[in-house]
Amino acid sequence: MKHLIVLALLGLGATALPAQADDTQVYCKGVWDKLNTLLTDSRALPQPVETAAAPSRQGADCVLTGIRIAAPPSGEVHLRRIAWRGTGFDRFTGQGLPPERLLIRAEGVRFVPQINDKVMQYLLEEQSAPSGVDVTLSLRWEPKTRQFRVELFDADFPGENAVQLRAMVEGVDLSSRNAMQMSAGSAALRNMTVEITSNGLFESYLLVGLGAGLLQGSDDPARRVAELKATALDEIAAIPQSILPAPSQQALRTLIGDLPHPRGRLKIDMTATPGLGAARFLPLAMRRGGVDLSSIWPLLKGVRYDISYPR
């Protein structure tokens, strides 16, 4: 997740490309250098991003190739190519504010372990080349309505595996640094759609990480998995149907039954009226003592999740 955020930041700054520029290639390089400094000074990255060459202009895009991002303690994130474009990005160079629109496409994103053996290092890099993920990210902020939209996040994994997300957050003001800070309290998620196509995706990217945390110390991992799945089914049944309708509950039950080898397309449509934001949960912050699920449901009035999972 951290590195997906870094990818967004890479596009955020680099898309500070004006519609009219005297020397777009030099301008792209200048913005890229500034962004690299910003990422390292803020400690978002431990060291500057390495690239095979300076950014070049190709049509309406700025393009970088051969990107390497340090990922301590044991590896690097490699990108074969990244291209970006956008509008309203003079704000970034002048005031450090986000652009109003961003489109970024990253190709061949993959993690490569770093070891002290040149032969094995070479082989590992070549072995991981076909496993790269292609990512498209399209973001838009509308100043008049103060709506921030994820028009598309699309991660295309090898094989028939993919993750797509679309969302709209209201109450977002990016007009100044002070306004951005105030937005932390007013921003609220109004709707979101997530689609996950899994044909080995879960096993390849999530199974080991989740399993190591959930099953640590278990003498019988398979039995523990069955216990966790039974607990999850009980918790699903306790969710009010106004939030999670019966068909959605059944879809989740089917998904849980298929774990750890899901094969199908999970789709989640979330809507919230009013939007789902920090203000909804202020009553919890004022409460003394523990918080149980029954105290959360009233705070989710107007929130609904419609879920499907065709195998």
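The values are calculated or read from the model by the stated rules, or taken from the named source; none is laboratory data. As the structure is a prediction and not an experimental result, all values here were calculated from the model. For neighbour counting, all protein chains shown are included, and Cβ atoms are generated from backbone atoms with ideal geometry for every residue, glycine included. These area figures cover heavy atoms from the full protein model, side chains too; ligands, DNA and RNA do not enter into them. Shrake-Rupley method; radii C 1.70, N 1.55, O 1.52, S 1.80 Å.
Look at region 253-263 and say how many of its residues are touching a Leu at 6+ places or on another chain (Cβ under 8 Å) and open to solvent by less than 40 Å² (accessible area, probe 1.4 Å).
3
Restricting attention to helices (runs of 4 or more DSSP H) lying wholly within region 201-280, give those where 3 or more residues are touching a residue at least 24 places away in the same chain (Cβ under 8 Å).
201-205, 221-237, 246-258
Say we look at region 35-55 and pick out the residues that are of a type outside the set (Val, Ile, Thr) and assigned to a helix (DSSP H, G or I); which of these is farthest from the chain's Cα centre (by Cα)?
If we take residues in region 35-55 being of a type outside the set (Val, Ile, Thr) and assigned to a helix (DSSP H, G or I), then Asp41 is farthest from the chain's Cα centre (by Cα).
Being at pLDDT 95 or above and at negative phi is the filter here, so list the residues in region 158-173 that pass it.
Selection gives Asn161, Ala162, Val163, Gln164, Leu165, Arg166, Ala167, Met168, Val169, Glu170, Val172, Asp173.
Taking Thr37 as meeting all but one of (1) out of contact with any Gly (no Cβ under 7 Å at 6 or more places or on another chain); (2) at pLDDT 80 or above; (3) surrounded by fewer than 13 Cβ atoms within 10 Å (Cβ to Cβ), write down the number of the exception.
Only one criterion in (1) out of contact with any Gly (no Cβ under 7 Å at 6 or more places or on another chain); (2) at pLDDT 80 or above; (3) surrounded by fewer than 13 Cβ atoms within 10 Å (Cβ to Cβ) is unmet by Thr37, namely (2).
Take the residues in region 270-299 that are among the polar types (S, T, N, Q) and open to solvent by less than 80 Å² (accessible area, probe 1.4 Å); name whichever of them is modelled with the highest pLDDT.
Within region 270-299, the match that is modelled with the highest pLDDT is Thr271.
For region 222-245, does any single residue satisfy the condition of being among the polar types (S, T, N, Q), touching a helix residue (DSSP H, G or I) at 6+ places or on another chain (Cβ under 8 Å), at pLDDT 95 or above and buried (at least 16 other Cβ atoms within 10 Å of the Cβ)?
no
Out of the residues in region 152-172 that are open to solvent by less than 30 Å² (accessible area, probe 1.4 Å) and within 16 Å of Arg190 (Cβ to Cβ), state the one that is nearest to the chain's Cα centre (by Cα).
Ala167
What is the number of the single condition among (1) more than 16 Å from the chain's Cα centre (by Cα); (2) at pLDDT below 95 that Ala187 does not meet?
It is condition (2) that Ala187 fails.
Just name the residue that is farthest from the chain's Cα centre (by Cα) out of those in region 56-82 that are part of a loop (DSSP other than H, G, I, E, B) and not aliphatic (A, V, I, L, M).
Gly59
Any residue at all in region 87-99 that is of a type outside the set (Lys, Arg) and under 22 Å from Asp134 (Cβ atoms)?
Scanning region 87-99 turns up no residue that is of a type outside the set (Lys, Arg) and under 22 Å from Asp134 (Cβ atoms).
How do the pairs read when you match residues in region 175-191 that are under 21 Å from Gly96 (Cα atoms) and open to solvent by less than 50 Å² (accessible area, probe 1.4 Å) with residues anywhere that are at pLDDT 95 or above and acidic (Asp, Glu), using Cβ under 6 Å and keeping only pairs 6 or more apart or on different chains?
From residues that are under 21 Å from Gly96 (Cα atoms) and open to solvent by less than 50 Å² (accessible area, probe 1.4 Å), the pairs are Ala179/Asp173; Ser183/Asp173.
Among the listed residues Arg91, Arg140, identify the single one that is basic (Lys, Arg) and either out of contact with any Leu (no Cβ under 7 Å at 6 or more places or on another chain) or within 23 Å of Thr65 (Cα to Cα) (or both).
Arg140
All but one of (1) open to solvent by 50 Å² or more (accessible area, probe 1.4 Å); (2) out of contact with any His (no Cβ under 9 Å at 6 or more places or on another chain); (3) in contact (Cβ under 8 Å) with a residue 24 or more places away in the chain hold for Arg149; which doesn't?
Result: Arg149 fails condition (3) only.
Within region 198-221, track down each residue that is within 24 Å of Ala162 (Cα to Cα) and open to solvent by 50 Å² or more (accessible area, probe 1.4 Å).
Correct list: Asn199, Ser204, Tyr205, Leu206, Leu207, Val208, Gly209, Leu210, Ala212.
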